[in-house]
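So the structure is just underneath, and the comments pick up after that.
The values are calculated or read from the model by the stated rules, or taken from the named source; none is laboratory data. If you're wondering where the values come from, they're calculated on a predicted model, not measured in any experiment. Cβ atoms come from the backbone with ideal geometry, glycine included; neighbour counts cover every protein chain shown. Surface areas here come from the heavy atoms of the whole protein model, side chains and all, with no ligands, DNA or RNA. Shrake-Rupley method; radii C 1.70, N 1.55, O 1.52, S 1.80 Å.
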Amino acid sequence: MKNFKKLFFILNFILVFIFSQTLYGENKNLVTGSKTGTAEGYHGKITVLTELKDGKFTNISIKSHTETKGVGDTAISKIPNEIVKKQSLDVDSVAGATITSKAIVTAVANGLEKLGVDPVKYAYKADVSKNNNLNTKLDLKKLPKKKAVKETIIITDARGRKVEIGLPISTYAISTMDVIDYIIPLKGKEAFNMLVGSGQDGGHGLNKYAKLYTPIVGNYMEHTAQISEHASPFDLEMLLAVQPDVLIVNSAMAAHKYSLEIEEQLAEAGIKIILIDVPGKDPEKSVQQTMKILGDLFQEKEKANEVINFIDKQYSLITKNLKNIKYKPTVYYEKSGYSEVFGPTATSKSGWGIIINIAGGKNIADEILGDKPVSKGGGNTTDPEFVLKNNPDFIILSGVNDGWLDSSKEKKNCKFDIVNRNGWKDLKAVKNKNLYEFAHSTSRSIYGFYPSLKMATIFYPEEFKGVNPEAILDEFFDKFMILDSSITTWMFKLEDCDKNKTKKK
């Protein structure tokens, strides 16, 4: 018993000693002191004083900065207080002042490092510049020079807004990079030289366009800022820094809403907003409407009309060849579907459902969702049993393998996990290899005529005998674009994916 008590005493002493040493070691790291740190903002260095007491932030103050008055200074007053309040560098950026917000956080991290403290302990995450991801740093000195305004015109945009614009346009910004595809037929390589800002999209379009076009048009990213994250508000401070003559905004990802939230501030800086709407409620006309607006804006009406006439011709071809059809094949559409995850579908009045309707397909979703709001970027999932019951002739997908701007020269392996759902291998569409996926972003692109035309040839091979959608697409690129149609994988089909699977084995 005595030996047991003695052993217990010794073990207890050791534990207390270890605990006290650990606590002492931690206290040694609870730094007290102050240092200034610096980081690059929009218009120069931001200097920030960071003060710690026993490892806690007691004060953070901005000592010097040259950020935009009325925009950047909102972050100047807010971010330091947020860091002290949360005792963390993981704080939300101020809307419209993202760069200034992140610069303050980086300057505090720099001050901590000078104090011998690892900023990671305060949840610091080094900001990898979006432009650095593109191997390019934005240089405001490289912005295109402004031309003298010679005339003004009134442009009616896609929302019916009357916008007074000074011409000629020297510089512009766009909501996402795919908008530039509408400008390339009008301005060629100059479209990139005039670009000063673009938002990012879910497919990292800024990066993909830079990879494809920089070797051809030069390093345009050195004067092109990222003006928004994917499906997020615009960075007002960045827009004011690059000063585009006009911000061209497509309806996708709530961009209309976000742009109009800052319209007053942009107007004060002389920056106008032009709204376009693709695919909109009428994909057969929305691209042409956009080309008319941009033809007026960039003073290239004749070139715009050539594009309009080409696209009108394709939709007329579809209408003509479908004129006498008596039976419509049934079609089921789904976005981003996998065996365990049912993605949303769309009716004939929404998104890809409209394109299927143009191509002459009978959308099975209309039966249960026809009177429900599934448009405007949203969608509803259907009961799995409903698809099995309807046993569609065709299945159309988007957002699975996708392939948008992946350069089809780089052969991709594809996979349709969706067929592993219970009962799906017995569906007519799967048995007959009539399952197809189109690159999701195509629906809002200038190439939107292609999936409608391609689907029509798939649904009605006899009526469209002799029609080659790929040859027509190649012709479009030859006539109007800088690169050729190999920039992307336009479509995957189950048959090809099965062949890839076989080859792998």
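Tabulated data for the structure shown
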{"item": "Residue in region 426-438 that is closer than 30 Å to Val249 by Cα and either open to solvent by 10 Å² or more (accessible area, probe 1.4 Å) or touching a strand residue (DSSP E or B) at 6+ places or on another chain (Cβ under 6 Å) (or both) present", "result": "yes"}
{"item": "Answer residue from region 379-397, given it is closer than 16 Å to Gly337 by Cβ, part of a loop (DSSP other than H, G, I, E, B) and open to solvent by less than 50 Å² (accessible area, probe 1.4 Å) and is modelled with the lowest pLDDT among those", "result": "Gly379"}
{"item": "Among residues of region 457-495, those that are not in a loop (DSSP other than H, G, I, E, B) and not acidic (Asp, Glu), counted", "result": "18"}
{"item": "Hits in region 145-163 (condition: of a type outside the set (Ser, Thr, Tyr), over 17 Å from Ser259 (Cα atoms) and open to solvent by 30 Å² or more (accessible area, probe 1.4 Å))", "result": "Lys145, Lys146, Lys147, Ala148, Val149, Lys150, Glu151, Ile153, Ile154"}
{"item": "Every residue from region 145-168 that is charged (D, E, K, R) and either in contact with a Phe, Trp or Tyr (Cβ under 8 Å, 6 or more places away or on another chain) or part of a strand (DSSP E or B) (or both)", "result": "Glu151, Lys162, Glu164"}
{"item": "Pairs, first within 12 Å of Lys272 (Cβ to Cβ) in region 239-260, second of a type in the set (Lys, Arg) and not in a helix (DSSP H, G or I), C-beta under 8 Å, six or more apart", "result": "Asp245/Lys146; Asp245/Lys272; Val246/Lys272; Leu247/Lys272"}
{"item": "Verdict on Tyr333 being free of Cβ contacts under 8 Å to residues at least 12 places away in the same chain and aromatic (Phe, Trp, Tyr)", "result": "no"}
{"item": "Total residues in region 264-316, condition touching a residue at least 40 places away in the same chain (Cβ under 8 Å), over 25 Å from Val149 (Cα atoms), part of a helix (DSSP H, G or I) and open to solvent by 50 Å² or more (accessible area, probe 1.4 Å)", "result": "3"}
{"item": "Scope region 401-414; condition closer than 27 Å to Gly361 by Cα and either open to solvent by 30 Å² or more (accessible area, probe 1.4 Å) or outside any loop (DSSP other than H, G, I, E, B) (or both); matching residues", "result": "Asn401, Asp402"}
{"item": "Residue satisfying all of: in region 173-194; open to solvent by 10 Å² or more (accessible area, probe 1.4 Å) and charged (D, E, K, R); nearest to Ile311 (Cα to Cα) among these", "result": "Lys187"}
{"item": "Residue match in region 420-432 (condition: at pLDDT 95 or above and part of a loop (DSSP other than H, G, I, E, B))", "result": "yes"}
{"item": "Cross-chain or 6+ apart pairs with Cβ under 9 Å, region 411-427 first and of a type in the set (Gly, Ala, Ser), then modelled with pLDDT of 90 or more and surrounded by 12 or more Cβ atoms within 10 Å (Cβ to Cβ)", "result": "Gly423/Val387; Gly423/Leu388"}
{"item": "Residues satisfying the stated conditions in region 454-479, i.e. under 26 Å from the mean Cα position of the chain (by Cα) and open to solvent by less than 20 Å² (accessible area, probe 1.4 Å)", "result": "Met455, Leu473, Phe476, Phe477"}
